[in-house]
Amino acid sequence: MSNALQLPIIDLASPDRFSTANSIRKACIDYGFFYLVNHGVDEELIKKVFEQSSNFFSFPIEEKMKLAIKNHRGYTALYAEKLDTTLTTKGDSKETFYVGPLADGLNQWSLEEDLPSWRSTMETYHQKVLSAGTKLLSLIALSLKLDENFFGKVGALNEPLGFIRYYIIQAQGTWTLQVKKYMVLLLIQIME
């Protein structure tokens, strides 16, 4: 018999917002995590994001560095970031591409001829995850007995930042590459 943790499932499309908010509260208190379903990000788009991310991260470092991070947008190279500065390692074994609000024009994109669908795919994904995150934050506010627009009123929705990460994972003495994508959004982390 498996001792695997069975996480609660939250349906973002449920019409009963208060019941959903209560389920979120219970899931967070009891488990700290939950699965989110009916969030509006379809599987085909998620598959395309993985494909496009793999294409981007397979480019030579010189090409990726043309999009080096500015204004918290763009590319950071392997070992360029360090989450835990107390460690003596040279940096985190990951590459990252950051995307911010789409309307401000500060995002950096590769040339269309180099990656024909990269920008449109990432912009669509950012919009879909932002929409899901906004709905989720209103439910989290309700779960905390706050006004459902609380997080918007305090500015949590002003400058949502998302990122795609490419981790290097050491497996059995050899280095292997594996794409993992995370969109950090607002006050929450949504992972695929």
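The values are calculated or read from the model by the stated rules, or taken from the named source; none is laboratory data. If you're wondering where the values come from, they're calculated on a predicted model, not measured in any experiment. Please note: Cβ atoms are built from the backbone with ideal geometry, for glycine as well, and neighbour counts cover all protein chains shown. Note: accessible area is taken over every heavy atom of the protein model, side chains too, but ligands, DNA and RNA are not part of it. Shrake-Rupley method; radii C 1.70, N 1.55, O 1.52, S 1.80 Å.
In terms of the mean number of neighbouring beta-carbon atoms within 10 Å, the peptides 129-142, 31-44 order highest first as 129-142, 31-44. Over the C-alpha trace of the stretch 46-140, radius of gyration and Dmax come out as 15.0, 43 angstrom. Calculated FRET efficiency, Asn71 to Phe150, Cβ-Cβ distance, R0 = 41 Å: about 0.90 to the nearest 0.05.
If I take R0 = 35 Å and measure r between the Cβ atoms of Asp114 and Cys28 in this structure, what FRET efficiency does the formula 1/(1 + (r/R0)^6) give, to the nearest 0.05?
On the way: r = 42 Å, r/R0 = 1.20.
Computed FRET efficiency for Asp114 and Cys28: 0.25.
With the simple model of a label 7 Å out from the Cα in the direction of the Cβ, Ile61 to Asp104 spans 3.0 nm.
Net charge within 14 Å of Leu130 by Cβ-Cβ distance, Lys/Arg positive one each and Asp/Glu negative one each, not counting Leu130 itself? Walk me through the numbers on the way to the answer.
On the way: positive: Lys128, Lys135; negative: Asp104, Glu123, Glu159.
Counting the neighbours of Leu130, the net charge comes to -1.
Here the accessible area is traced with a 1.4 Å probe on the protein chains. For the stretch 42-183, carbon and sulfur cover 54 percent of it.
Candidate cross-link partners of Lys82 among the aspartates and glutamates, defined by an alpha-carbon separation under 14 Å and a same-chain spacing of 8 or more, comprise Asp92, Glu95.
Over the stretch 1-125, what is the percentage of antiparallel beta bridges among all DSSP beta bridges, to the nearest 5? Once the DSSP bridges in the stretch 1-125 are tallied, antiparallel ones form about 50 percent.
Pairs exceeding a 32 Å alpha-carbon distance, out of Lys94/Lys135; Lys90/Lys135; Lys26/Lys90: Lys90/Lys135; Lys26/Lys90. Solvent-accessible surface of the stretch 42-183, taken per residue with a 1.4 Å probe and all protein chains present: 56 Å².
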